[in-house]
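To start, the structure itself, in structure tokens.
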Amino acid sequence: MGRKPRVWHCNQFYHIVSRRNHRDALFLDNGDYKTFLHILAIIYQKYPFELPCYCLMTNHYHFMLRSKEHSISKIMSLVNKRYADYYNTKYRLNGHLFEKRFFSKEVSDDDGILQVSRYIHRNPLEANMVKILEEYPWSSYPLYMKRNMKRPPYANRQIVLRYFGGSEEEKGLKYKDYCLN
């Protein structure tokens with residue numbers, strides 16, 4: 001029996017989660033995290049998307065993603081396939097890396113954008129991986145706190161910060177308060 005096609009609305013953000021098979025580690029060293037982010041940058045060049053929030057955890061990852069030109073299924077199939085090819089080659093494995101199709105849920109409104117961004121960014125804190133969110137390097141959260149940090153072209157923090165008033169620095173501090181409370 002075939003799967004139902006995913007619904008895709010070009011102007012909507014989606015909360016996306018993809019998990020490693022058997023809940024095993026998806027990232028075994030810093031090189032794996034860096035390679036995953038490099039794959040995102042390569043795919044972005046040909047298939048533009050917006051990814052204002054992401055968090056790469058040990059055995060899964062979270063995105064808040066929007067693509068105005070290509071379906072999220074297209075973007076995600078490229079991301080997961082290219083990373084699986086890399087991972088399976090590096091670790092000499094065969095078979096499926098991811099447990100099933102990625103989870104996706106449409107982010108329906110402005111409040112949803114804020115809630116999903118907070119949920120994604122708090123993942124390392126909730127998992128007791130760090131005590132201070134800025135210390136977790138595999139998330140877009142540090143991009144919100146460090147104004148001068150080099151950001152990938154797909155990571156537009158203004159999508160989230162526009163909901164907070166004040167200067168760029170004040171918006172960042174208000175977002176930090178929002179995430180920590």
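The values are calculated or read from the model by the stated rules, or taken from the named source; none is laboratory data. Keep in mind that what you see is a predicted model, and the values were worked out from it rather than measured. Positions of Cβ are generated from backbone atoms using ideal geometry, with glycine treated the same way; all protein chains shown enter the neighbour counts. The area values use the complete protein model at the heavy-atom level, side chains included, leaving out ligands, DNA and RNA. Shrake-Rupley method; radii C 1.70, N 1.55, O 1.52, S 1.80 Å.
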Quiz prompt | segment 74-101, residues that are assigned to a helix (DSSP H, G or I) and over 19 Å from the mean Cα position of the chain (by Cα) | solution = Asp85, Asn88, Thr89, Lys90
Quiz prompt | Residue ID - nearest to Lys34 (Cα to Cα), chosen from residues in segment 77-101 that are among the small types (Gly, Ala, Ser) and open to solvent by 20 Å² or more (accessible area, probe 1.4 Å) | solution = Ser77
Quiz item: Inside segment 33-70, can you point out the residues that are part of a strand (DSSP E or B) and open to solvent by 30 Å² or more (accessible area, probe 1.4 Å)?
Solution: Glu50, Arg66
Quiz item: Just wondering, is there one or more residues in segment 151-161 that are in contact with a Leu (Cβ under 8 Å, 6 or more places away or on another chain), surrounded by 12 or more Cβ atoms within 10 Å (Cβ to Cβ), without any contact (Cβ under 8 Å) to a residue 12 or more places away in the chain and in a helix (DSSP H, G or I)?
Solution: no
Quiz item: Just for segment 102-119: of the residues that are outside any loop (DSSP other than H, G, I, E, B) and polar (S, T, N, Q), which one is least open to solvent (accessible area, probe 1.4 Å)?
Solution: Ser117
Self-check item: Subset tally (residues that are over 19 Å from Tyr91 (Cα atoms), in contact (Cβ under 8 Å) with a residue 60 or more places away in the chain and aromatic (Phe, Trp, Tyr)) for segment 23-61
Solution: 3
Practice problem: Could you please let me know if Arg20 is of a type outside the set (S, T, N, Q), within 21 Å of Leu143 (Cβ to Cβ) and either open to solvent by less than 40 Å² (accessible area, probe 1.4 Å) or touching a residue at least 12 places away in the same chain (Cβ under 8 Å) (or both)? | Solution: no
